[in-house]
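Contents: one structure, followed by commentary.
The values are calculated or read from the model by the stated rules, or taken from the named source; none is laboratory data. Here the structure is a predicted model, which is why all the values come from computation and not from measurement. Quick reminder, even Gly has a Cβ in these numbers, built from the backbone with ideal geometry, and neighbours come from all protein chains shown.
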Amino acid sequence: MLKMRIVRSVGLGFATSVLIGLAATYLPYSQARDVAIDALAIPGALIAGLVYPQGVHTGGARYWGAAVLIANFIVYVLFWYAWLQLVGYFRGHKNQYDATNPPVRRNSS
């Protein structure tokens with residue numbers, strides 16, 4: 001079950017990263033689109049800023065963009081893993097009394 005949750009979170013993290021890239025590429029320009037895409041890219045930019053504190057403007061951060069993409073991917077994988085963990089927790093506790101009192105089947109004849 002744990003391996004399946006990890007595989008799902010990696011797949012969802014990859015899909016999230018791809019959808020953000022597609023939205024940035026193919027959605028028509030609007031201020032709302034730019035704000036949303038920038039908000040979704042902030043976690044990766046903050047982590048890449050730890051690796052490259054000068055940023056992209058000093059010319060010393062050749063791989064800053066790749067660091068942002070990798071960091072965003074890792075953040076989204078962790079997000080989806082936590083979300084799936086939370087959903088599994090509530091799904092498992094939704095019917096906690098059903099296991100102690102199984103339904104009684106009666107013959108319809």
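With respect to Ala45, is the statement that it is farther than 19 Å from Ser9 by Cα, at pLDDT 85 or above and within 25 Å of the chain's Cα centre (by Cα) true?
Working: farther than 19 Å from Ser9 by Cα: yes; at pLDDT 85 or above: yes; within 25 Å of the chain's Cα centre (by Cα): yes.
So Ala45 passes the test.
Could you go through the stretch 67-81 and let me know if any residue there is modelled with pLDDT under 90 and out of contact with any Pro (no Cβ under 8 Å at 6 or more places or on another chain). There is at least one residue in the stretch 67-81 that is modelled with pLDDT under 90 and out of contact with any Pro (no Cβ under 8 Å at 6 or more places or on another chain).
Count, please, the residues in the stretch 17-32 that happen to be surrounded by 10 or more Cβ atoms within 10 Å (Cβ to Cβ) and assigned to a helix (DSSP H, G or I). Let's see the steps before the verdict.
Here is the first cut: in the stretch 17-32, the residues surrounded by 10 or more Cβ atoms within 10 Å (Cβ to Cβ) are 17-24, 27.
Within this subset, residues satisfying the condition of being assigned to a helix (DSSP H, G or I) are 17-24.
Number satisfying all stated conditions: 8.
Has the stretch 34-41 got any residue that is surrounded by 11 or more Cβ atoms within 10 Å (Cβ to Cβ) and in contact (Cβ under 8 Å) with a residue 24 or more places away in the chain?
First pass over the stretch 34-41, keeping only residues surrounded by 11 or more Cβ atoms within 10 Å (Cβ to Cβ): 34, 36-38, 40-41.
Add one more test, that the residue is in contact (Cβ under 8 Å) with a residue 24 or more places away in the chain, and what stays is 40-41.
Scanning the stretch 34-41 turns up at least one residue that is surrounded by 11 or more Cβ atoms within 10 Å (Cβ to Cβ) and in contact (Cβ under 8 Å) with a residue 24 or more places away in the chain.
Hey, could you check the stretch 1-16 for residues that are farther than 19 Å from Ile70 by Cα and assigned to a helix (DSSP H, G or I) and say which is modelled with the lowest pLDDT? Taking the candidates together, the pick is Leu2. Being closer than 23 Å to Gly11 by Cβ and either modelled with pLDDT of 90 or more or assigned to a helix (DSSP H, G or I) (or both): is that true of Val35 here? Criteria not met by Val35.
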